[in-house]
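What follows is a single structure, and I will ask about it in a moment.
The values are calculated or read from the model by the stated rules, or taken from the named source; none is laboratory data. What you are looking at is a predicted structure, and each value in this text was computed from that prediction instead of being measured. Note that we place each Cβ from the backbone using ideal geometry, even for glycine, and neighbour counts take in every protein chain shown. Quick note on the areas: whole protein, heavy atoms, side chains included, nothing else; ligands and nucleic acids left out. Shrake-Rupley method; radii C 1.70, N 1.55, O 1.52, S 1.80 Å.
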Amino acid sequence: MVNDKKQVRVWCDGCYDIMHFGHANQLRQAKAMGDYLIVGVHTDEEVRRNKGPPVLTEQERYKMVRSVKWVDEVVEGSPYVTELETMDNNGAEFCVHGDDITLSADAQTLIRL
């Protein structure tokens, strides 16, 4: 018997600087919302422009997020603002964020349709 169930791909992104319990819990909850979790991690330049200087380098943050057991895929250098194009390019049906959504440098929300 063939399983025709479509895999539900979930997108979330962030800086993930100084990884802590809140980050891990966000990724755990995001994974629970689908079958495959794609995590975008922002570049040092994007973090500096929108939040301030990161403590860890982007390469260190990519490795750290890859090591989380709920993460299936890491997208390096993901844009700071999530647009439908980003989700479409990565085959994601849902975008998940924590309850502390921040603003971009131009004072706009980070999720734009």
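Starting from the stretch 55-82, take each residue that is on the phi > 0 side of the Ramachandran plot and list its partners that are crowded, with 19+ Cβ neighbours inside 10 Å and hydroxyl-bearing (S, T, Y), counting only C-beta distances under 8 angstrom and pairs at least six apart or across chains.
Close Cβ pairs (under 8 Å, with a partner that is crowded, with 19+ Cβ neighbours inside 10 Å and hydroxyl-bearing (S, T, Y)) amount to G77/T43.
Please verify whether the stretch 3-16 includes one or more residues that are farther than 16 Å from D88 by Cα, touching an Asp or Glu at 6+ places or on another chain (Cβ under 9 Å), modelled with pLDDT under 95 and crowded, with 20+ Cβ neighbours inside 10 Å.
yes
Another question, if that's okay. Condition (residue is among the basic types (K, R), out of contact with any Leu (no Cβ under 8 Å at 6 or more places or on another chain), assigned to a helix (DSSP H, G or I) and farther than 18 Å from Y80 by Cβ) applied to the stretch 10-33: is it met by at least one residue?
Within the stretch 10-33, one or more residues are among the basic types (K, R), out of contact with any Leu (no Cβ under 8 Å at 6 or more places or on another chain), assigned to a helix (DSSP H, G or I) and farther than 18 Å from Y80 by Cβ.
I would also like to ask the following. Please enumerate the residues belonging to the stretch 66-89 that are open to solvent by less than 40 Å² (accessible area, probe 1.4 Å), of a type outside the set (G, A, S) and either outside any loop (DSSP other than H, G, I, E, B) or modelled with pLDDT of 95 or more (or both).
Passing the criteria: V68, V71, V74, V75, T82, T86, M87.
Can you report the number of residues in the stretch 32-43 which are open to solvent by 30 Å² or more (accessible area, probe 1.4 Å) and farther than 13 Å from V74 by Cα?
Of the residues in that region, 3 qualify.
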